[in-house]
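So the structure is just underneath, and the comments pick up after that.
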Amino acid sequence: MPGTKLITIERHILEQQARFPHATGEFTSLLYDIALAAKLISRETNRAGLANILGKAGTQNVQGEQQELLDVYANQIIVRMLNHTGRVCIMASEEDPDPIFIPATYKRGNYVVLFDPLDGSSNIDYNVSVGTIFSIHRHVTPDLYDCGLPDLLQPGRRLVAAGYIVYGSSTMMVYSAGNGVAGFTLDPSVGEFLLSHEEIRAPDNPKYYSVNQGYERFWLEAVRQYVKWITGMKEDEPRKALSARYIGSMVSDFHRNLIAGGIFLYPADTRDKARPMGKLRLNYECAPLAYIMEQAGGAASDGIHRILDIVPQSLHQRTPFFCGNKDLVAKMEEYFQHYNPEWVEALQERVQLVT
Ligand code: P6P
């Protein structure tokens, strides 16, 4: 690659810091820490089959989902990487029912980190790509030693950074600190994330749609009609069909659609009273990915509201999730208004928005 710049993620983060003269090295170091945790998780994920850490941990997480050994490993790596550095005041993880407080012996910092340590982990035993998703907020509680739920339950529009790592054919870290989206590919021979996607933008011409078609019988009419439209089957609204791609690992589906253009859908399930808001979690899955998609020129909605405007009411709150090209998301919102106005009303009752 003669002539192309070789930029490590560390140098890129420092350059980001330079854009915010008031930024301290604390934020930059926190992103370094997350990149280092990603390298360790990548190493274990890529050798899981050899290191005999495939399979179930024999425990359940707060979602009642069987934890994979790698879930537990990834969660521990991130907590141990961040809890003693003096950059973080509180954390939360998909794998832990309660907030993760900083041990009394360690200094606290200004940042709040929420994460899904290994999203899509049910696919690990089949060698399907999985990922880590993270959100970074600043604290809101004045005294860093009193941080709690108010610091964790902030709307996505207050995020200072968010990103994900996809452990696939190569390991990539994609992040935004509010100044566009950049992607870095891990060169395992030197252990460095090198800039490979300088400015990621959601393409105007989408290629893919991602939804679990197996649940079609439980979809609201709006979703049923939307998928007919997006596959060119709606006679009254003809369009070029998009191709279906669904891995069942959101980071991988999201990443492909971000780069190639498309929409990811995880709708509410009308059957399952336990999941009237769908399966995906707002705080550490949908909000960070919504932030990235908006920074790349796309959009993310629960079918009615902008994801980043939703004020979380609980740590593991779920939300329907429609994320991708702006016009594809807008069309989904239009269909909900047209086909399911009663559901729109119910959701408006239920969801708290930033005032
Ligand atoms: P379903 C993985 O468990 C996950 O949280 C996401 O990564 C993925 O998009 C979704 O669930 C898949 O769920 O119900 O389609 O199997």
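Considering only the stretch 204-245, how many residues are part of a helix (DSSP H, G or I), within 16 Å of the ligand (Cβ to nearest atom) and open to solvent by 10 Å² or more (accessible area, probe 1.4 Å)?
The number of residues fulfilling the criteria is 6.
Return the only residue of Gln317, Gln313 being polar (S, T, N, Q), under 17 Å from Leu114 (Cβ atoms) and within 16 Å of the ligand (Cβ to nearest atom).
Answer to the selection: Gln317.
Is it true that Gly168 is more than 21 Å from Ala300 (Cα to Cα), among the small types (Gly, Ala, Ser) and surrounded by 15 or more Cβ atoms within 10 Å (Cβ to Cβ)?
yes
So how many residues does the stretch 103-159 have that are surrounded by fewer than 20 Cβ atoms within 10 Å (Cβ to Cβ), within 15 Å of the ligand (Cβ to nearest atom) and not acidic (Asp, Glu)?
4
Out of everything in the stretch 87-99 that is of a type outside the set (D, E, K, R) and either at pLDDT below 95 or under 18 Å from Leu40 (Cβ atoms) (or both), what residue ends up being nearest to the ligand (Cβ to nearest atom)?
Out of the qualifying residues, it is Ser93.
Return yes or no: is Glu333 open to solvent by 50 Å² or more (accessible area, probe 1.4 Å), more than 24 Å from Asp151 (Cα to Cα) and not in a loop (DSSP other than H, G, I, E, B)?
yes
Any residue at all in the stretch 246-256 that is open to solvent by 30 Å² or more (accessible area, probe 1.4 Å), closer than 21 Å to Met173 by Cβ and in contact with a helix residue (DSSP H, G or I) (Cβ under 7 Å, 6 or more places away or on another chain)?
Yes.
Give the stretch 169-185 a look and list any residue that's within 17 Å of Leu36 (Cα to Cα) and part of a loop (DSSP other than H, G, I, E, B), or say none.
Once the filter is applied, which keeps residues that are within 17 Å of Leu36 (Cα to Cα) and part of a loop (DSSP other than H, G, I, E, B), the stretch 169-185 yields only Ser170.
Go through the stretch 267-299 residue by residue and tally those that are within 22 Å of Glu216 (Cβ to Cβ) and surrounded by 24 or more Cβ atoms within 10 Å (Cβ to Cβ).
Qualifying residue count, the stretch 267-299: 3.
Within the stretch 250-273, count every residue that is modelled with pLDDT of 95 or more and either in contact with a Leu (Cβ under 8 Å, 6 or more places away or on another chain) or within 16 Å of the ligand (Cβ to nearest atom) (or both).
15
If you take the residues of the stretch 11-26 that are more than 24 Å from Arg108 (Cβ to Cβ) and modelled with pLDDT of 80 or more, which of them is least open to solvent (accessible area, probe 1.4 Å)?
Restricting to residues being more than 24 Å from Arg108 (Cβ to Cβ) and modelled with pLDDT of 80 or more, the top hit is His12.
The values are calculated or read from the model by the stated rules, or taken from the named source; none is laboratory data. The shown structure was predicted, so the numbers you read here are calculated from the model rather than taken from an experiment. Positions of Cβ are generated from backbone atoms using ideal geometry, with glycine treated the same way; all protein chains shown enter the neighbour counts. Areas reflect the complete protein model, heavy atoms only, side chains present, ligands, DNA and RNA absent. Shrake-Rupley method; radii C 1.70, N 1.55, O 1.52, S 1.80 Å.
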